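K.L.:
Just dropping this structure here.
What follows is calculated from the coordinates using simple rules that are stated; it is not laboratory data. Owing to the predicted nature of the structure, the values given are computational and were not obtained by experimental measurement. Heads up, the Cβs are rebuilt from the backbone with ideal geometry, glycines too, and the neighbour counts pull from every protein chain shown.
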Amino acid sequence: MMKMTDVFLLLLLLLLIDPGALPQTQQQPSAAAQTANALWQAQKWEEAAKAYESLTRSEPNNGQAWFRLGSSLMSLQNFDAAVAPLAKAAEILQGPQAYYALGAAYAGTGDKAKSFESLRRAAETGFAQFERMKNDPHLAGLRDDAQFGSVMEAVERNARPCKFSPAAKQLDFWVGHWDVQVSGQSVGTNVIERLEEGCLIMENWTGRGGSSGRSMNFFNPVTNKWRQT
């Protein structure tokens, strides 16, 4: 059975790999919000946009409503109209998804300066969807700009923190397939793998007598020490 300290450290590792992985507490949405959300889930963008526009009038501090209003308009390719609600969503939520969507909307309008400003803000607040940003068609007009590479690197650092951490690479010498010997006699094999974007070193031991075992090894940036479980 795992100890509570081990559970805590594994949760810490999970957060390092994906800051949005833990569940968030949410309030029960209103009936109007549920109706709008159902239209959103059904991808009925025009109807969803109208529903969220109405919702933002009755719930002006509902950041998700502003976000989904803007995103519905984005899906309708109405980038100019999407900017204002997404800017409001970013003001309320102050989170990476809102800043990213706002950056994509500005890109759709051709305003590169404001697009890069919002995308950099997304990276600064933890946006980590590297592959999404790399392939997002809304950002096609930005990819030839030198600024795009620097923003992409910032997002990759969020997505793959251990790739850029010298401390997380200290056990790289151990990675590989090993024939473990004692006094020249083989006593087992050990297969060491780097997993989770390099944040986890997994040991897979098989003894000649049939024994087996595994260990998970990761660098804890809080204690500045390696942890083996």
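K.L.:
Could you work out the pair-distance distribution P(r) of the chain from its alpha-carbon pairs, with 10 angstrom bin width and percents rounded to whole numbers?
P.N.:
Distribution as computed: 7, 24, 24, 19, 14, 7, 3, 0 percent.
K.L.:
Given 0.36 nm per residue, what is the gain on full extension from ASN61 to PHE173 after removing their alpha carbon distance, in nm?
P.N.:
35.1 nm
K.L.:
Using 7 Å Cα-to-Cβ label points, what is the ARG143/VAL191 separation (nm, one decimal)?
P.N.:
Going by the 7 Å Cα→Cβ label model, 3.6 nm.
K.L.:
Across region 136-229, what fraction of all alpha-carbon pairs, as a whole percent, falls in each successive 10 Å bin from zero upward?
P.N.:
Answer for region 136-229: a P(r) of 14, 32, 23, 18, 9, 4, 0 percent.
K.L.:
Another question, if that's okay. Place a +1 charge on the Cβ of each Lys and Arg in region 79-207 and a -1 charge on the Cβ of each Asp and Glu, then give the dipole magnitude about the Cα centre in debye, rounded to the nearest 20.
P.N.:
For this selection, approximately 240 debye.
K.L.:
Still on this structure: Around SER58, under 15 Å between beta carbons, what's the net of Lys plus Arg minus Asp minus Glu among the other residues?
P.N.:
Here the count lands on +2.
K.L.:
What relative contact order, as a whole-number percentage, does region 90-131 give when Cα pairs under 8 Å and 6 or more residues apart are counted?
P.N.:
The normalised contact order for region 90-131 reaches 44 percent.
K.L.:
Work out the count of Lys pairs in the chain where the Cα-Cα distance is under 18 Å, with the pair 8 or more places apart or on different chains.
P.N.:
Taking the Cα cut-off of 18 Å, the pair count is 6.
K.L.:
Hey, how many Å between the Cα centroid of region 70-124 and the Cα centroid of region 152-195?
P.N.:
Between the Cα centres of region 70-124 and region 152-195 lies a distance of 39 Å.
K.L.:
Oh, and also: Evaluate the distance, in nm, between pseudo-label points positioned 7 Å from the Cα of ARG157 and of GLN43 along their respective Cα→Cβ axes.
P.N.:
3.6
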